[in-house]
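**Q** Provided herewith is a single structure, encoded as structure tokens, for subsequent inquiry.
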Amino acid sequence: MDRPWLAQYPQGVPADIDPGAFSSLPKLLQRSFEQFAERPAFAFMGKRTSYAQWERDSAALAAWLQAQGLRAGERIALMMPNVPQYPIAVAAALRAGLVVVNVNPLYTARELEHQLLDSGASAIIILENFAHTLEQVGGRAGLRVVLVASMGDTLGGVKGTLVNLVVRHLKHLVPRFSLPGHHRFPRALARGRGLRFTPVEARSEDVAVLQYTGGTTGVSKGAALSHRNLIANVLQSDAWNQPALRRHPELAQMNTVCALPLYHIFAFTVVMFLAAYQGGMIVLIPNPRDLKATIDELSHYELHCFPAVNTLFNALLHHPDFGRLNTSKLMLSVGGGMAVQEAVARQWLERTGCPICEGYGLSETSPSVCCNPTDTDHFSGTIGLPLPSTDMVVVDDDGRVLPAGERGEVAVRGPQVMQGYWGRPEDTAKAFTSDGYFKTGDVGIIDAQGYVRIVDRKKDMILVSGFNVYPNEIEDVAVSHPGVLEAAAVGVPDPDSGESVLLFVVRSDPTLDEAGLRAWMAERLTGYKRPRRIEFRDELPKTSVGKILRRSLREQMAQRQGARP
């Protein structure tokens, strides 16, 4: 197919990458373990762990997992925030031939049970802070191995003990739990060091990860991502980032902020594995919502790469301690997970000198498929250009490819696209076109130069008197008001127009009132797009990554309507 976007590629970015450069993720990791052995691979609470130590710890844990009877192809759930045990467990599982099942530690027992049963997981590694949730699932999940980690496990000595005391007894972050027969992470590592580890040779097409969709548009499904899928996306991202990385060629190692949760595919691939491939160091932030603690931790490092979502960029900019961060050599700021708002991008550039390059991806695509050029210095309002080896089209409801500038469903094809949904052949068949394009469910436009603009999710679109209203547009106008911190627009039933717009707003200026905001929006939106109602709130519901959940707001409104006589 024609690829008009190739003409817009920055100099040196290839049209294609070789996804066969490594036969498996363990092969990629082994090369990094050897080549960068003495470098720090990740930092946590001031302690740095080298690539050599990462290799030794993951080999010991892999040996222990094998000794528990786990065999290649079995699934192992990882339910932890950004703590050192996560990269150790990922490397151990993959080296033992297991399939990683990433689990959000904030899941309820119902959500956890669904994911364990759907994936058929045989084992789980879980931080003790969330073990009470697993206790509620009980034996229904059929787990054979339960390994419990603590926040201070890898810190060792007095510091590790002190951290665990504070977490358990001062902050009361570890609810009581009972998991008969469970094992403890430090002891498993210690025993594993005395066992023989037998490496498992994975094939490139073997499933490496089951990445569950967020469930924002229906039942959460496991995207089966192969070793080849993830390797391809690492290499695509590395090639795409090179123009930005050339800004400071004198740097011996790149420091990447890891505030996005590693159980999310964005951080899993584009932070952890990309940094490993490049020999970089990731700074693990277990709870980015604690902005003071996040800034305290990051203030100890020179920051070079900062992947985040719009809400985190925005929150940091508004924090009084933001100036403590050393962004003098910040080369790359990547926005994903949700739309980056122009006001946030403008302020970030003013404060750091580094533009936010908005990208786009999905769990089903490992995740990245599109990104703005990393050598740009302006906000485009688009999600950029398709990455190397990636084809993108816009199709109508019948699957026909639409010409440039036409609005339709965005579809993507490339080596990073999943094999399918785990155990769901019918859903998999529905998700692909006849010629192998994955249908994203997002409404978008591809212009003549190849730049892609996402208009909205299909199911988020609001129909007002027959006119399509896209929440992103309403929200962008709202947050451009200096008194608005966050906004979310949803459609609600309306007897006159079918649906009308309800806007939820979190104020940054407490004096802002409804009349003032309405006047602002009336100047910027035509009549049918203006909110019929505005509701001010202290906060908006979000996913663990910081993406605002419109679905949750719609459900709240439906319940409120149902409760009325």
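The values are calculated or read from the model by the stated rules, or taken from the named source; none is laboratory data. Keep in mind that this is a model prediction, so the values were computed, not measured. Glycine also receives a Cβ, built like all others from the backbone with ideal geometry; neighbour counts cover every protein chain displayed.
Table: residues versus (1) outside any helix (DSSP H, G or I); (2) over 24 Å from His318 (Cα atoms).
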site	(1), (2)
Glu475	no, no
Ala478	no, no
His481	yes, no
Ala487	yes, no
Val492	yes, yes
Tyr528	no, yes
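**Q** Follow-up. Report, by residue number, each residue of the stretch 229-243 that is of a type outside the set (A, V, I, L, M, F, W, C) and in contact with a helix residue (DSSP H, G or I) (Cβ under 7 Å, 6 or more places away or on another chain).
**A** If the condition is that a residue be of a type outside the set (A, V, I, L, M, F, W, C) and in contact with a helix residue (DSSP H, G or I) (Cβ under 7 Å, 6 or more places away or on another chain), then Asn233, Ser237, Asp238 are the ones that fit.
**Q** Something else about it: Which members of the stretch 499-517 meet the condition of being within 16 Å of Pro471 (Cα to Cα) and surrounded by fewer than 16 Cβ atoms within 10 Å (Cβ to Cβ)?
**A** None; the set is empty.
**Q** Go through the stretch 34-79 and give me each residue that's surrounded by 22 or more Cβ atoms within 10 Å (Cβ to Cβ), in a strand (DSSP E or B) and among the aliphatic types (A, V, I, L, M).
**A** If the condition is that a residue be surrounded by 22 or more Cβ atoms within 10 Å (Cβ to Cβ), in a strand (DSSP E or B) and among the aliphatic types (A, V, I, L, M), then Ala41, Ile76, Ala77, Leu78, Met79 are the ones that fit.
**Q** When you scan the stretch 62-87, how many residues do you find that are out of contact with any Leu (no Cβ under 6 Å at 6 or more places or on another chain) and under 19 Å from Thr154 (Cα atoms)?
**A** Counting residues in the stretch 62-87 that are out of contact with any Leu (no Cβ under 6 Å at 6 or more places or on another chain) and under 19 Å from Thr154 (Cα atoms) gives 10.
**Q** Being touching a Ser or Thr at 6+ places or on another chain (Cβ under 7 Å) and either more than 17 Å from Ser389 (Cβ to Cβ) or of a type in the set (Lys, Arg) (or both) is the filter here; which residues of the stretch 234-263 pass it?
**A** Pro243, Ala244, Ala259, Pro261, listed by residue number.
**Q** Working only within the stretch 47-87, note down all residues that are under 24 Å from Val167 (Cα atoms) and among the aliphatic types (A, V, I, L, M).
**A** Hits for the stretch 47-87 are Ala77, Leu78, Met79, Met80, Val83.
**Q** Only one residue in Arg168, Arg144, Arg176 is modelled with pLDDT of 95 or more, surrounded by fewer than 21 Cβ atoms within 10 Å (Cβ to Cβ), among the basic types (Lys, Arg) and within 27 Å of Gln66 (Cβ to Cβ). Which one?
**A** Sole residue among the options that is modelled with pLDDT of 95 or more, surrounded by fewer than 21 Cβ atoms within 10 Å (Cβ to Cβ), among the basic types (Lys, Arg) and within 27 Å of Gln66 (Cβ to Cβ): Arg144.
**Q** Shifting gears a bit: Among the residues in the stretch 343-354, are any in the same structural domain as His300 (by TED's automatic domain parsing) and under 18 Å from the mean Cα position of the chain (by Cα)?
**A** Within the stretch 343-354 (the criterion being in the same structural domain as His300 (by TED's automatic domain parsing) and under 18 Å from the mean Cα position of the chain (by Cα)), the answer is no, since none of the residues qualifies.
**Q** Ok, one more. How many residues does the stretch 338-355 hold that are part of a loop (DSSP other than H, G, I, E, B) and more than 10 Å from Asn310 (Cβ to Cβ)?
**A** The total comes to 3.
**Q** Which of the numbered conditions does Val137 fail, given that it passes all the others? Conditions: (1) at pLDDT 95 or above; (2) under 21 Å from Ile76 (Cβ atoms); (3) part of a helix (DSSP H, G or I); (4) over 29 Å from the mean Cα position of the chain (by Cα).
**A** Checking Val137 against (1) at pLDDT 95 or above; (2) under 21 Å from Ile76 (Cβ atoms); (3) part of a helix (DSSP H, G or I); (4) over 29 Å from the mean Cα position of the chain (by Cα), the one that fails is (4).
**Q** So which of Ala62, Ala121, Ala93 ends up being out of contact with any strand residue (DSSP E or B) (no Cβ under 7 Å at 6 or more places or on another chain) and either on the phi > 0 side of the Ramachandran plot or among the small types (Gly, Ala, Ser) (or both)?
**A** None of the other options fit; the residue is Ala62.
**Q** Check Leu540, Leu512 and return the single one that is part of a loop (DSSP other than H, G, I, E, B), closer than 15 Å to Ala487 by Cα and over 32 Å from the mean Cα position of the chain (by Cα).
**A** Leu512
**Q** Which residues, counting only those in the stretch 456-474, are in contact with a helix residue (DSSP H, G or I) (Cβ under 7 Å, 6 or more places away or on another chain) and either within 16 Å of Glu406 (Cα to Cα) or not charged (D, E, K, R) (or both)?
**A** Asp456, Ile462, Val464, Ser465, Phe467, Val469, Pro471, Ile474 - these are the residues of the stretch 456-474 that are in contact with a helix residue (DSSP H, G or I) (Cβ under 7 Å, 6 or more places away or on another chain) and either within 16 Å of Glu406 (Cα to Cα) or not charged (D, E, K, R) (or both).
**Q** What number of residues in the stretch 307-337 are crowded, with 18+ Cβ neighbours inside 10 Å, part of a loop (DSSP other than H, G, I, E, B) and in contact (Cβ under 8 Å) with a residue 60 or more places away in the chain?
**A** Residues meeting the conditions: 4.
**Q** Going residue by residue through the stretch 427-442, is there one that turns out to be farther than 15 Å from Glu364 by Cβ, crowded, with 20+ Cβ neighbours inside 10 Å and at pLDDT 95 or above?
**A** Within the stretch 427-442, not a single residue is farther than 15 Å from Glu364 by Cβ, crowded, with 20+ Cβ neighbours inside 10 Å and at pLDDT 95 or above.
**Q** A further question follows. Could you say whether any residue in the stretch 205-214 is assigned to a loop (DSSP other than H, G, I, E, B) and charged (D, E, K, R)?
**A** yes
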